[in-house]
Amino acid sequence: MPQVFNVLVAADFNNIAPDAQKEIMERLAEHGVEKVPTVASAWEIQYEAEDESEAKEKAIQAFVNVCRTYPFELKLVVQCGTTQIIRRKKVFEP
């Protein structure tokens, strides 16, 4: 039975144009990803999923889908509940 999970995502944007980063921030908000105001590069999103791992994978996929059209390096740390923290690094080519 699916449950609603809060997923915390910390992201590091490397070698990205300021305009591209601004557009990514706007697109993340359009996808329901809420900026955590007290942390410079953290977001929270809720997903309905079977377990915490599925919710984390959905959050990673959301970030990748929004970011993949811009050339830069993205580093993510994703946490949900008490399960293992996921770390991902993705380089998007022009």
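Computed from backbone phi with θ = phi - 60° and the Karplus coefficients 6.51, -1.76 and 1.60, the 3J(HN,Hα) list for region 51-65 is 8, 5, 4, 5, 5, 5, 5, 5, 5, 4, 4, 4, 5, 4, 4 Hz; x is used for glycine and proline. For Phe72, nonlocal amide neighbours, meaning residues 5 or more places apart or on other chains whose placed amide H falls under 5 Å from its own, are Phe92. Remark: region 11-16, residue by residue, has Karplus-estimated 3J(HN,Hα) of 10, 10, 9, 10, 6, 10 Hz, where x stands for each Gly or Pro and the curve is 6.51 cos²θ - 1.76 cosθ + 1.60 at θ = phi - 60°.
With a/c under 1.5 counting as rounded, go ahead and sort the chain into rounded, prolate or oblate using the C-alpha gyration tensor (a ≥ b ≥ c being the square roots of the eigenvalues; past the cut-off, prolate if a/b is larger than b/c, else oblate).
Judged from the Cα gyration tensor, the chain comes out prolate (a/c at least 1.5, a/b above b/c).
Among Gln46, Pro2, Leu76, which residue has its Cα positioned farthest towards the positive end of the charge dipole of the chain, with +1 placed on the Cβ of Lys and Arg, -1 on the Cβ of Asp and Glu, and the dipole taken about the Cα centre? Farthest towards the positive end: Leu76.
In percent, how large is the relative contact order of region 9-73, given Cα pairs closer than 8 Å and 6 or more residues apart?
The normalised contact order for region 9-73 reaches 43 percent.
Summing charges over all other residues whose Cβ lies under 12 Å from the Cβ of Asn14, with Lys and Arg as +1 and Asp and Glu as -1, gives +1.
Readers should treat all values here as calculations from the given coordinates under stated rules, not as data from a laboratory. Please read these numbers as outputs of a predicted model, since none were measured by experiment. Don't worry about glycine lacking a Cβ; one is built from the backbone with ideal geometry, like all the others, and counts go over all protein chains shown.
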